[in-house]
Structures are given as C-alpha cells and as structure tokens.
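Notes for the one structure printed next.
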Amino acid sequence: MIRVVALRKAAVAGLCGAAAMEAFWFVTGKLGLPTIDLVAQLSAVQFHRWPLLGDAAGLLAHFSIGICWAMFYAFFFWGRFHLRPVLQGLIFSIAPAMLAILVVYPELALMRSQSPMVVLDLHRFFAPITPATVASLLLSHALFGVIVGLMYRRPVGYAVGNRPAPPHLRRPGRSHGKRNANATGFMFATGIECSYPTIEHGRWRRDEMDSTRHYEFWQEDFRLAREIGITHIRYGPPLHLIFQGPGRYDWDYIDPQMAELEEFGPEPIIDLCHFGVPAWLGNLQNPDIGRALEEYAGAFAERFPWVRFYTPVNEMYVCARMSALDGLWNEQLRDEGAYARAAWNLANASIRMSDAILKQRQDAVFINSESSEFYQPCCPDPEIQKIAQAANERRFLPLDLIFAHALSPHMHDLLCAQGISNEDIARLQHRTVPRRSILGVDYYEWNERLIDRQGHAVALGELFGWYVIADQYWRRYKRPMMHTETNKMDADGAARWLWRQWHNVQLLAKSGVPLVGFTWYSLTDQIDWSIAMGESVGIVYPVGLFDLNRESRIVGLAYKHLIDMFRDQPDYRECRALKEIMQ
Amino acid sequence: MIRGFLDAHGYDPGPSQRPYSSGAISGILATVPAIGVLVAFGSLRIEAAILGLSSAATLGLGWAAMAIAGAAYARFWGRAANSVRSGWIFGMSFGFALWAAGAVLVLPLLSGGRAPAGNAAAGVVLSLIVWGAAVGILVPFVHRPLHESLERAAKNEDVGPSAAVEKTAPPRAQAQPARKS
C-alpha cells in the first residue's frame, strides 16, 4: 500500500475534472476558438452511425479516464510535494496532458481510420497534432488538474461530528483457541493503533482505526495477532465515538470486538483515552474531562467486567506536549502554561478513571504507559543546561502526579500559575497509588534528544538506549515495568531494532527490575505518523507487524520467531513479577 | 523518477511473498478476457498479420509475453499489488502503460512501421486495459495460496537473533587491527 486513498473522493474529483474539460471544450467551441472535441473523436471510433449512442459512449469513456487519472493522482502524487493542493493538481496534469498529446490523440486519429492496418512514420503519426490542438489539450488538462487538486484533499479522517460506519458484526466460527491460557506468563504484546486527536483547530478528526481499516478488518486483525503468538493486545476503543455525552454511550463501536477478545483473546489491555476526547468535551484544557472520563471508565468496566488490564490515559506527556506545546493536536496551543494545564487534567483524569474501575473490579491492573524521553544538553552553557533541565522535568510531570512523586519546584509553580491549588496538588501527592500499577515505558529512536546551541531539541537516535532511559524511570518510581511501545520507521531494519530492544529488556530484567512484558507497536502499519498526524495526507507509516493488506512484514516474522523462542522458557512461561501483581 | 514515486517506504515484498509466480499466473489468466476483446474487434488477425505469424502462434506468444508482463507487474507494484481494494486501478494503469509503450511504439518498430488502425487499434488498447484490470484484480487472490505460511517463514534464521547484528561489515583495517610484531 502506497497511500491510503479516499476512493470515493478521488472518483468524484476525477468525474468533476473530466466534466470541467468537457465544459471548456464546449465553451471554446461555441466561441469559435480553435479547440478539440475529444468526446466526438472517441465516439467516432465505434459509433459513427449512431451519434447519440456515440456521444454517450464517448462521455462515459472520458469520465472513466478522468476517474482513473484522479485515482492515479491520489495514489502516487498527492502529498508528494508540500505545495498547495491546487498547485499539486496543476503539476500532476502535465502527465495526462503529455500522454494525450504524444500518444492518445494521434492514436485516436488512427482508430478512426477505415483501414485495419497502416504503415506509420513519425510525420503521419503526429499529423493530427496542431498548435491549436496542443494548446487546447494543455489548457483543458490544466483545468482538470486544478479541479482534482482542489477537490481531492484530506483523504483520511473525517469532519468532527461525522461518524464512520460501525464495525461489522462478529462472524461466528472463524476463530479458535482460548483467551488467557497462561495468566502469569510474560506478556508478548502488540497494539492496534487507535489515536484520535483532532486537527485544524478541532474541525477534523484523525481516527487511526478508521484509516487503517481496523473497523472493517478487526476480526482478521485479532486472528493475525493470535497467529503470531501475541498474548496481550493494547486496544483503544474509540472514546470519541462511544461516549456521546453524560450517560450516553454507543457501544456498537466496541461490542463485537470485545466479544471476540473475551472468547479468543489476545488478552486486551484497554486503552481508554488515546490522544483525544469527544467533541462535546472540547479539548484538554477543559477541567471537566476528569469527571467525564471517570464516568466513562466506570461505565466501561461495568459493561465488560471480565477486562482486567487498563491503560486509563495513554502517554499523557506526549498528548499534552503535542496538544499544548507543539500546537499539533486538539487545542493546538504553544504555551508552557497550557501544557501544565493539559498534563494536570490528563493525570487527574487517569487517577479518577482508575478509581472508577477499581469500584467495578478491585483486582484491576493498570499499565500506565508513557513515552520515555531524555534531553541531553550539548554544552556547559547555563542557558542550554536550563532548557534541558526544564525539558527533563516536564517529561516527568504527568507520571509524578499519578505515582505521587514529589514535583520539581518549577513544575509545582507552573501548576499553581494555572490556578491549581496547593491543596489539590497535595491531594495527589499523598494519595495511595493502586498496588497493581505497572509503569509502561515506550521507546522510539527519536526519544533521546540533544538540546543544541540554539536551544532546540534534535533527535539523537539510540544513544543510551532503552536500558539506560528506562532505568531512570525505574529509579524514580520503583514500579513494575513493561516495554509498552516500540517500532522502527524502516521496514527492512525493523527486525534488527526488535531484537535489540528485546536484548535491552532482558538486560534490565537481569539487573533486578521487575519486567512483565514487551510490545511491538503496532499490529499493522500506521497512517501519517511520519508527520505526527498533523495533516491528513494518508502516508503509510510502515512500522506494523503486518502491512495494510494484512500481509506480514519482516518484523512480524521476527516477532513470531522471538515469541516461539522464549515463551516456553521458565522465566517467561511464568513471569515472577507479573505473578506477584496478579495475586 | 517513476520508481521514486512508487517507492513508498516499506513497499518491497517480504520474504514470505511470491510476487513473480503470482504475477505470472495472474498474467496468464487475465489474458483470457483480453483475447475475447481482441477477437471481437478483429485485432488478433491484424496483429498476427503484422507479426507474420498464425493466429495460434500469436496467441502463444501473447500468453508468454503476458506471463512476463504479469510477473513484472507484481514485482514492480510490490506490496501494493496485493491490495484487493485498489488492484484494479494499478492493473489498468499498467495495462495502459503497456499499450502506450508496447503496442504504440514497439510493435511498429518491430514490424517496419506497420501498426493496427481502425477497429483493430481500438481493440488493442481496450484489450490491454481489460488485461490490466483483470491482472490487478487477480493478483491478491492468486497470491494467497502461494504465500509462504507465517509458521514456516518465521523459522527462517534471517529473522532470528542474528538480525540484531549490524549488516554492514566494518572496514577490514578496523575489524582486524594489525598485530604488532
């Protein structure tokens, strides 16, 4: 898969583009300007005795060709250049125009010949091409390109307020196996990418489950996960589609999948809030999201009492940073104070959600996954040191809040400046963290960053590695840990990355850190993560165990090899750290 | 340049995939409807005359050429060729390219400038577009039974622990420092 394409949108754009060309030729013909009539020429090939039928066939052929070119544009050209859509369409139109001038138009003249065979030379072949024909073809194709460029935009996601079709109903008898065959075995996990932030200042919803067609292929996706040997799957029901308002839920978006997971597995780690909130809640600056998500978590746990593993809010730091500091998602702000407010709201929501779940299921296990980040100052310049220190304090803020760790003075003051009282902060600091809380540490090759001489954070690659960075988190929070996300934006090098991450996990476990699981994220390729989902382009991000046709990637085979090799080893068949948590 | 546009990251088929065989089989199967079009438009007879072959020999040659073209299609389009949803458009564009490059340019070159015209020329373009659409639709389905199973492919040592090792060997001088005598 090259791009995720909105086929219907491309077809309509192609149809309109072809219609615009027809209109152009009609008008220029009526004005007496030298022009061509492609439909007349197409129809004359076969239907010169029946003009009306010929015109209809000619129109049909031209519209079909327009649709095909628009599809071609959508698959191969759209989003290649960072230009305005109209310019992208205009540049693209050079290709069909050249083909029309050099091949199609001269061939049409040949097709109207009464003779079944001709002897060609270049002069005879290009005889129908005159300057007026060239000008007409160039201008009409430019018009086609402009129309297609203007109409084919935002191929993935949907306008906020719209809803994709719900997942298909469960097809019986397609699965076998049993969920949770070994409850205390090491967790070999993957996830279904499920991010749903808004962009364009709340007007456009990204929905990765929709873009990757999980709503269509969900049963196949779970089957593939089981086939690889996955024991646990990080799974995020679409909060923005399910939670319609206080006390109002549309469970059609999750009931079939949960029934399948309950029966056959893999064991789900339910991710209740993944980078976005329903439109009626606004954005992460809304102080009411804690109360609302508490209600949602309670309702979810009540409906699915068999679910034991939860991630109340996924990657709170990343969500707050991308929304309130980097200006990409949701509120799209670039403000340190707004970051603190978003982090506070998310942490507060996470705590309230955990409490609501515990009311339904006292032995619930919480896997609080967070992106492990590290900022290294490039030089002894005090200003650079200060920027790096602030960035390092910022990354810990949400976890400090949910794990009742002392805040740095700077972060404490930042929260107070947002109107959050000392009493509220103290309430979180003195709370008893649920015993079955696991710290999930995600790691990607850009998580280690250098603060350069200009004070900008630039990716360092794998400098210290997951072992060192995760160890920082272990020493700070002293919680059982899990490697909850990793992948590599290099389909061929991903197997190498997988094994190297795995060796990091083994080394940290050997050093005495209680580790319960490892995750390759995600099961399928993702969409637009190379641009942090900041725009709706539809670029395939090939990090999945399977591509979007559900064909295995090399890393999928490598992960199966790894699981087959380790799952029956004594330390993994029964994971002591997980056993202690589950008791 | 075209390859650059097609070469989306992660686009190459994986070790468990069989693009050449699935493409060749699909190419042969897709020739059946294309022959129907060629016969209906009288194009087959004209092409045979241009090539100086009998209709049967032209068909045999065509089948062989389309098997190669099918294999080329599946390899060139990589993982995209496995798409049930989009294969038809990829195949049609490939069929159109074959027509523009092959029937329009190569055939007259091979035959001293003789080319189909009239209905026969229309039949040639239509048959190649039909062939392309058919091959694009067929490849994902033909590919499935040919695909190596996950179970078997995952046993390959290349995806095992040795995958962790850096593939690019260090320069010899660095790898084996000269021993002091």
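Compute the FRET efficiency between A:Arg203 and A:Asp363 as 1/(1 + (r/R0)^6), taking r as their Cβ-Cβ distance and R0 = 30 Å, and round to the nearest 0.05.
So, using R0 = 30 Å, E works out to roughly 0.10.
With Cβ to Cβ distances under 11 Å as the rule, what net charge do the other residues near A:Val318 carry (K, R +1; D, E -1)?
-4
Which value at 222 nm does chain A reach when only helices count, each DSSP H run of 4 or more adding -39,500 (n - 2.57), with the total divided by all residues and rounded to the nearest 500 deg cm²/dmol?
-14500 deg cm²/dmol
Quick check: the angle from helix B:55-77's long axis to the longest principal axis of chain B, C-alpha only, nearest 10 degrees?
So the inclination is approximately 30 degrees.
Taking the dipole about the Cα centre of segment B:17-147, with the C-beta of Lys and Arg at +1 and of Asp and Glu at -1, give me whichever of B:Ala40, B:Ile28, B:Ala80 is farthest to the positive side.
Result: B:Ala80, furthest along the dipole toward the positive end.
Is there a quick way to get the dipole size of segment A:7-151? I mean about its Cα centre, with the Cβ of Lys and Arg at +1 and of Asp and Glu at -1; what is the value in debye to the nearest 20?
300
Shielding of A:100-113 by partners, i.e. mean partner chain Cβ atoms within 10 Å per residue?
4
What order do you get for A:Leu562, B:Leu98, A:Leu358 when you list them from fewest to most C-beta neighbours inside 10 Å?
Going from least to most buried by this count: A:Leu358, B:Leu98, A:Leu562.
What shape does segment A:122-172 take by its C-alpha gyration tensor, where a ≥ b ≥ c are the square roots of the eigenvalues and a/c under 1.5 counts as rounded, a/b above b/c as prolate, and the rest as oblate?
Here segment A:122-172 falls in the oblate category.
Run the dipole for the protein assembly as shown about the Cα centre, Lys and Arg Cβ at +1, Asp and Glu Cβ at -1, nothing else charged, and hand back the magnitude in debye, nearest 20.
Its charge dipole is roughly 1020 debye.
Of A:Lys478/A:Lys579; A:Lys488/A:Lys560; A:Lys359/A:Lys510, which sit over 27 Å apart, Cα to Cα?
From A:Lys478/A:Lys579; A:Lys488/A:Lys560; A:Lys359/A:Lys510, over 27 Å: A:Lys359/A:Lys510.
Let me check I've understood the local charge: for A:Gln418, count other residues with C-beta under 12 angstrom from its C-beta, Lys and Arg +1, Asp and Glu -1. What total comes out?
Within the 12 Å Cβ shell, the charges total -3.
So, in nm, how far is label A:Leu52 from label B:Ser55 when the simple model puts each one 7 Å beyond its Cα toward the Cβ?
Simple spin-label model gives 3.6 nm for this pair.
Name the residue farthest towards the positive end of the dipole of segment B:17-147 from the options B:Leu105, B:Leu51, B:Phe90, assuming +1 on Cβ of Lys and Arg, -1 on Cβ of Asp and Glu, about the Cα centre.
B:Phe90
What is the distance, in nm, between label points placed 7 Å from the Cα along the Cα-to-Cβ direction at A:Val27 and at A:Asp490?
Taking the two extended label points, one gets 5.3 nm.
Other chains near A:119-129: what is the mean number of their Cβ atoms within 10 Å of each residue's Cβ?
The mean count of partner-chain Cβ atoms within 10 Å per residue comes to 2.
Report the FRET efficiency, 1/(1 + (r/R0)^6), for A:His430 and A:Asn180, where r is their Cβ-Cβ distance and R0 is 30 Å, rounded to 0.05.
Computed FRET efficiency for A:His430 and A:Asn180: 0.25.
According to the square roots a ≥ b ≥ c of the eigenvalues of the Cα gyration tensor, what is the shape class of segment A:506-560, taking rounded for a/c under 1.5, prolate for a/b larger than b/c otherwise, and oblate for the remainder?
Cα axes put segment A:506-560 in the oblate bin.
On a 0 to 90° scale, report how tilted helix B:19-40 is relative to the longest principal axis of chain B, with both axes built from alpha carbons and the result rounded to the nearest 10.
That works out to roughly 10 degrees.
I want the local charge near A:Met71. Using Cβ-Cβ distances under 13 Å, sum +1 for each Lys or Arg and -1 for each Asp or Glu among the other residues.
Its environment carries a net charge of +4.
At q = 0.05, 0.07 Å⁻¹, what log₁₀ I(q)/I(0) does the protein assembly as shown have when each alpha carbon counts as one equal point scatterer in the Debye sum?
Each listed q maps to, in turn, -0.32, -0.60.
Against the longest principal axis of chain A, how steep is helix A:214-228, in degrees 0 to 90 to the nearest 10, with axes from Cα atoms?
Roughly 60 degrees between the two axes.
Can you work out the FRET efficiency for the pair B:Val32 and B:Ala101, with r the C-beta to C-beta distance and R0 = 22 Å, to the nearest 0.05?
The computed FRET efficiency comes out at 0.45.
Could you sort A:211-220, A:75-84, A:318-327 so that the peptide with the highest average Cβ count within 10 Å comes first and the rest follow in order?
Output ranking for A:211-220, A:75-84, A:318-327: A:318-327, A:211-220, A:75-84.
Just check segment B:17-147 against the gyration tensor rule for me: Cα atoms, a ≥ b ≥ c as the square roots of the eigenvalues, rounded for a/c under 1.5, and otherwise prolate or oblate depending on whether a/b exceeds b/c.
Verdict is prolate for segment B:17-147.
Taken together, the values in this text are just the output of simple stated rules run on the coordinates, not laboratory data. Owing to the predicted nature of the structure, the values given are computational and were not obtained by experimental measurement. Using ideal geometry, Cβ is built from the backbone for each residue, glycine included, and neighbour counts are taken over all protein chains shown.
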